[in-house]
Amino acid sequence: ETQSFAPGTPLPVVITVFADKTFAFTIKTPPVSYLIKKAANIEKGSTQTGKIDFVGSINQKDIEEIAKMKMVDMNANDVTGAMRMVAG
């Protein structure tokens, strides 16, 4: 089920174990922070918290693509709301 993702991509998984010891799992989309770092082509974020220290930038098109990918996991009503959540 994870073949569509690149190797090394962090994927949150929800595992449900039932009383008869069977289980079911749901694979979610990668975290927004990972997708933003991937879009900005950076390894990690700024080391200076609370200070203006830019390490990369992304454009509205990238934010829209991330929002559309994460729409199934977010509680936004539309893509515009999801884009604001990603940009925040």
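All told, residue 51 meets the bar of being free of Cβ contacts under 8 Å to residues at least 12 places away in the same chain and either open to solvent by 80 Å² or more (accessible area, probe 1.4 Å) or not in a helix (DSSP H, G or I) (or both). Only one of 76, 87 is of a type in the set (A, V, I, L, M), free of Cβ contacts under 8 Å to residues at least 12 places away in the same chain and in contact with a helix residue (DSSP H, G or I) (Cβ under 6 Å, 6 or more places away or on another chain). Can you tell me which? When all the criteria are applied, what remains is 76.
Residue 38 falls short of the stated requirement of being among the basic types (Lys, Arg), open to solvent by less than 50 Å² (accessible area, probe 1.4 Å) and closer than 21 Å to residue 9 by Cα.
If only residues of segment 14-60 that are in contact with a strand residue (DSSP E or B) (Cβ under 7 Å, 6 or more places away or on another chain) and of a type in the set (A, V, I, L, M, F, W, C) are counted, the one that is farthest from residue 3 (Cα to Cα) is 17. Checking each residue in segment 54-78 for being open to solvent by 80 Å² or more (accessible area, probe 1.4 Å) and among the acidic types (Asp, Glu) picks out only 65. For segment 22-43, a tally of residues being part of a loop (DSSP other than H, G, I, E, B) and over 18 Å from residue 68 (Cβ atoms) returns 4. Among the residues of segment 8-21, those that are part of a loop (DSSP other than H, G, I, E, B) and within 19 Å of residue 33 (Cβ to Cβ) comprise 8, 9, 10, 11, 12. Only one of 5, 23 is open to solvent by 100 Å² or more (accessible area, probe 1.4 Å) and out of contact with any helix residue (DSSP H, G or I) (no Cβ under 7 Å at 6 or more places or on another chain). Can you tell me which? Testing whether each residue is open to solvent by 100 Å² or more (accessible area, probe 1.4 Å) and out of contact with any helix residue (DSSP H, G or I) (no Cβ under 7 Å at 6 or more places or on another chain) leaves just 23.
The values are calculated or read from the model by the stated rules, or taken from the named source; none is laboratory data. Predicted, not measured: the structure shown is a model, and the values here were computed from it. Note that each Cβ is placed from the backbone with ideal geometry, even for glycine, and that neighbours are counted across all protein chains shown. Accessible surface is based on the protein model in full, side chains and every heavy atom, while ligands, DNA and RNA are left aside. Shrake-Rupley method; radii C 1.70, N 1.55, O 1.52, S 1.80 Å.
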